[in-house]
Amino acid sequence: KNVNKKYYESASKKIRNMEGGLISLGITGSYGKTSTKFIATTIIKEKYKVLTTPDSYNTPMGLSKIINNELTDEHEVFIAELGATKIGDIAEVASLTNPKIGILTSIGPCHLETFKSIDNIMRTKYELVESLPNDGVAIFNYDNDNVKKLADKTFKEKILYGIKNIEDTDVFATDILVNNTGSKFTLCISNLGTIECKTKLLGEHNILNILAGAAAASVLGLSLEEIASGISKLEAVKHRLQLIDHGTGVLVIDDAYNSNP
């Protein structure tokens, strides 16, 4: 514990004392964290130098390792996936990563063996929003009923994204078309306008993940054109509804990692 604490405190101190004012983005949710992290990274890289936690690194020690070993003064944005299996876990990793922007992707029945109830999951995921500074921004998936309840009780600056309730959201997608090369849609951001987007990614859930990344990018000052350019460069996260075309006439969809129905 003492060794772990040393690495944790070293990382926490480092991220707070970065020259040039590093902006930290935290992402949590029952599912969609890793995909949203890589999507946000690809989009935000259109304007900033970004460091992202690899794979599904989302624990205090995993995050501390990346911060201590890889974060440099060259980086302008740090994007971290924040995982939890019990109450207090998100508060711990948020205290470490010091996020100014927080994304809540989803709340569902994951890790119920330790959380015991959906209410406990909601309380834990909301620790990210509670950890944001007064000038921070919370980004919510307004299509998820449990996340919607948390968004509605939030009085910090917030951005709502979704596909179903577009009249209530700030960032949404319309005209969604899917074929065997990916997806097309119109991205709408309330304070920026609309733009046509293309992506190799499949699935309505991935459109939602893209909206989360676009919302974060808009907070960081990216233009619609920069956001659309980033979306066009997105690659599927391996084994998560990954479209593979070997040119043999057979399309493979690899969803082997996915643990959610």
Report summary line: With x for Gly and Pro, the residue-by-residue ³J(HN,Hα) of the stretch 199-214, computed from phi through the Karplus equation 6.51 cos²θ - 1.76 cosθ + 1.60 at θ = phi - 60° and given in whole Hz, is 8, 6, 6, 10, x, 4, 4, 6, 4, 4, 4, 5, 4, 4, x, 5
Query raised in the report: By its C-alpha gyration tensor, with a ≥ b ≥ c as the square roots of the eigenvalues, how is the chain shaped: rounded for a/c under 1.5, else prolate for a/b larger than b/c, else oblate?
Result: rounded
Report task. May I ask for the distance between the Cα centers of the stretch 38-67 and the stretch 221-261, given as a whole number of Å? Result -> 18 Å
Query raised in the report: Residues with amide H under 5 Å of Gly29's amide H, sequence separation 5 or more or different chain, H placed in the peptide plane at 1.01 Å from N; which?
Result: Thr105
Query - Nearest-20 debye value, the stretch 184-238 charge dipole, Cβ charges on Lys, Arg, Asp, Glu - result: 200 debye
Query - C-alpha center-to-center spacing [the stretch 187-201, the stretch 1-17] in angstrom - result: 39 Å
Requested in this report: For the chain, give the share of DSSP beta bridges that are antiparallel, in percent and rounded to the nearest 5; count only bridges with both residues there.
Outcome: 45 percent
Query raised in the report: How far is it, in nm, from the label point at Glu19 to the one at Asp254 when both lie 7 Å from their Cα along the line to the Cβ?
Result: 4.2 nm
Report summary line: By the C-alpha gyration tensor axes a ≥ b ≥ c (rounded if a/c is under 1.5, else prolate when a/b exceeds b/c, else oblate), the shape of the stretch 1-41 is oblate
Report task. Using θ = phi - 60° and the Karplus relation 6.51 cos²θ - 1.76 cosθ + 1.60, list the HN-Hα couplings for the stretch 13-26 in order, rounded to whole Hz, with x at every Gly or Pro. Result -> 5, 4, 5, 7, 10, 5, 6, x, x, 4, 9, 9, 10, x
Requested in this report: Consider all pairwise Cα distances in the stretch 169-255 and report the whole-number % of them above 16 Å.
Outcome: 51 percent
Query raised in the report: Once phi is turned into θ = phi - 60°, what whole-Hz ³J(HN,Hα) does the Karplus curve with 6.51, -1.76 and 1.60 give for every residue of the stretch 157-170, x standing for Gly and Pro?
Result: 4, 9, 10, 9, 10, x, 10, 7, 9, 5, 5, 9, 10, 9
Query raised in the report: From the square roots a ≥ b ≥ c of the eigenvalues of the alpha-carbon gyration tensor of the stretch 42-119, which class results: rounded (a/c under 1.5), prolate (a/b over b/c), or oblate?
Result: prolate
Report summary line: In the structure shown, of Lys33/Lys149; Lys37/Lys100; Lys149/Lys184; Lys45/Lys238, the pairs separated by more than 27 angstrom at the C-alpha atoms are Lys149/Lys184
Query raised in the report: Once all Cα-Cα distances of the stretch 21-173 are split into 10 Å bins that start at 0, what whole-number percent is in each one?
Result: 12, 43, 36, 10, 0
Query raised in the report: Using a 1.4 Å probe on the protein chains only, how many percent of the accessible area of the chain belongs to carbon and sulfur?
Result: 50 percent
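The values are calculated or read from the model by the stated rules, or taken from the named source; none is laboratory data. Since this is a predicted model, take the numbers as computed values, not measurements. Virtual Cβ from ideal backbone geometry, glycine too; neighbours counted across all protein chains shown. For accessibility, only protein heavy atoms count, side chains too; no ligands or nucleic acids. Shrake-Rupley method; radii C 1.70, N 1.55, O 1.52, S 1.80 Å.
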